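Report on the following structure.
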Amino acid sequence: MNRNQILQIELEKLKTRRLNAEVRAKRALLIARDIPEFCKLDDEIRHLQLLLSKEENAKKINQLKKQIETLKKEASAVLTKNKFDSKSLQVNYHCKICNDTGYVNGKICKCLDSAIQRELIKQSGINNQLNFTFAKSDNKIVNSNKSLDKAYKIAEKYVAEFPNFKFPNLVFMGDVGAGKTYLLECIANALIEKMHYVVFSTAFDLNKTMINAFGVPFGERQSLLSPIFECDLLIIDDLGSEPVLKNSTIPNLFTIINERQRNNLPTIVSTNLNYEEIQTRYGDRIMSRLFNKRTSLAIPFVGKDLRQNTK
Ligand SMILES: [Zn+2]
């Protein structure tokens, strides 16, 4: 699903929620109007509200408003006397800022914005429990490691300039536990927050998804593959951890990277392998796409195991 499809779905959900709230309030009003005393006051209030909407004289407007207020208080007292919860007459919108319309003064409301973000995160496959962000990152860890500090600065710039950073494709290379995944998650979360469509997958899962996709009917295949080929940023974590299956893993990976580059869509890859190992395992064609001098930047990660450091 792309962002616009998610937006449409979330807007539909909001509409249902809004209509439900309004229906509940209307139903409560019908029940309350069974109380004759309340019904009379309610009619009077409606009549005055109609007059108010047509009135242009400021003094009279004030007068009408006061009258309405008084009647409303009376009506509320009648309800209380009849053990009727007057709050149920008000439309109880879930979001009090936009009244469940999703927009405030033409701008997207926080509630809709965060619903879309939640959906984007869900789709991206990011494990929420490993939810690293730039804001939450531990400076002590970053500063204690020179290569991570440098990579961190590049990552921040990459996010700030996305998708126009000089090198759209990054390759994080280096030891296990040197902070590659951590930084990938920071990038993913920051871009999701900026409403970009990010797909985050381990090489292992990506391989599995690609293989599964070719075993299902065409329509389903499209929905499995379109996130990988169409997302704003594809992050492939831990390249080299996946099993290499003959006639699928390597051609599939080439197709993904090549197609995305042809469509000017960026990809970030992390790997524990060195250049030689990548060359041997994946061959020249993938090598030349991953390390294209004009469009790719390889970032070395060295150093101690961060996961031990944080304990
Ligand atoms: Zn809202």
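FYI, it's all coordinate maths here, none of it is from the lab. This one's a predicted model, so the numbers in the text were calculated from it and none came from an experiment. Heads up, the Cβs are rebuilt from the backbone with ideal geometry, glycines too, and the neighbour counts pull from every protein chain shown.
Across the options 1, 268, 257, the greatest Cα extent toward the positive end of the charge dipole of the chain (unit charges at beta carbon of Lys, Arg, Asp, Glu) belongs to 1. Within straight-line reach of residue 107, meaning a Cα separation under 18 Å, sit the following aspartates and glutamates at least 8 residues removed in sequence or on another chain: 10, 12, 193.
Please sort by residue number the trypsin sites (Lys or Arg not before Pro) in the stretch 43-115 whose DSSP state is loop and whose Cβ has at most 10 other Cβ atoms within 10 Å. List each step's numbers first, then the result.
Numbers: sites: 46, 54, 59, 60, 65, 66, 72, 73, 81, 83, 87, 96, 107, 110; in loops: 83, 96.
Hits after loop and neighbour filter: 83, 96.
Restricting attention to the chain, close to 10% of DSSP beta bridges with both partner residues there are antiparallel.
Only Cα pairs under 8 Å and 6+ residues apart enter the sum, and on that basis the relative contact order of the stretch 17-94 stands at 51 percent.
A simple spin-label model places the labels of residue 211 and residue 166 4.0 nm from each other, with each point 7 Å out along Cα-to-Cβ.
Look at 39, 109 and count the other Cβ atoms within 10 Å of each Cβ; fewest to most, that gives 39, 109. Straight-line cross-link partners of residue 81 among the lysines, defined as a Cα under 17 Å from its Cα and at least 8 positions apart when in the same chain: 40, 72, 73.
In plain terms, if you count all Cα to Cα distances in the chain and split them into 20 Å steps from zero, the share in each step is 25, 39, 19, 16, 1 percent.
What is the stretch 219-272 by shape, rounded, prolate or oblate, if you read a ≥ b ≥ c off the alpha carbon gyration tensor as root eigenvalues and call it rounded for a/c under 1.5, prolate for a/b larger than b/c, and oblate otherwise? Oblate, since a/c reaches 1.5 and b/c is not below a/b. When the Gaussian network model of the chain links Cα atoms closer than 10 Å, the mean-square fluctuations of 232, 205, 43 top out at 43.
Comparing 13, 40, 150 in a Gaussian network model of the chain, where Cα atoms under 10 Å apart are tied by springs, the biggest mean-square fluctuation is seen for 40.
Which net charge results for the neighbourhood of residue 12, defined as the other residues with beta-carbon distances under 13 angstrom from its beta-carbon, given Lys and Arg at +1 and Asp and Glu at -1? All intermediate terms of the calculation are to be shown ahead of the outcome.
On the way: positive: 13, 15, 17, 18; negative: 10, 100, 119.
Within the 13 Å Cβ shell, the charges total +1.
In loop segments of the stretch 172-219 as defined by DSSP, the trypsin sites (Lys or Arg not before Pro) with at most 14 further C-beta atoms inside 10 Å of their C-beta are 194. Entry note, the stretch 145-280: relative contact order of 32 percent, from Cα contacts under 8 Å with a spacing of 6+ residues. Note on the chain: with charges restricted to the Cβ of Lys and Arg (+1) and Asp and Glu (-1), its dipole about the Cα centre is near 840 debye.
Note on 289, 262: ascending count of other Cβ atoms within 10 Å places them as 262, 289, the fewest first. One quarter of the surface of the convex hull around the alpha-carbon atoms of the stretch 1-138 equals 13.5 nm², the direction-averaged projected area.
Contact order for the chain, expressed relative to its length and based on alpha carbon pairs under 8 Å spaced 6+ residues apart, stands at 21 percent. Listed from fewest to most Cβ neighbours within 10 Å, the set 241, 296 follows the order 241, 296.
Using a ≥ b ≥ c from the Cα gyration tensor of the stretch 17-94 (square roots of the eigenvalues), is it rounded, prolate or oblate, where a/c under 1.5 gives rounded and otherwise the larger of a/b and b/c decides, a/b for prolate? Oblate, because a/c is 1.5 or more while a/b does not exceed b/c.
Database note for the chain: Cys without another Cys beta carbon under 4.7 angstrom, 39, 186, 231.
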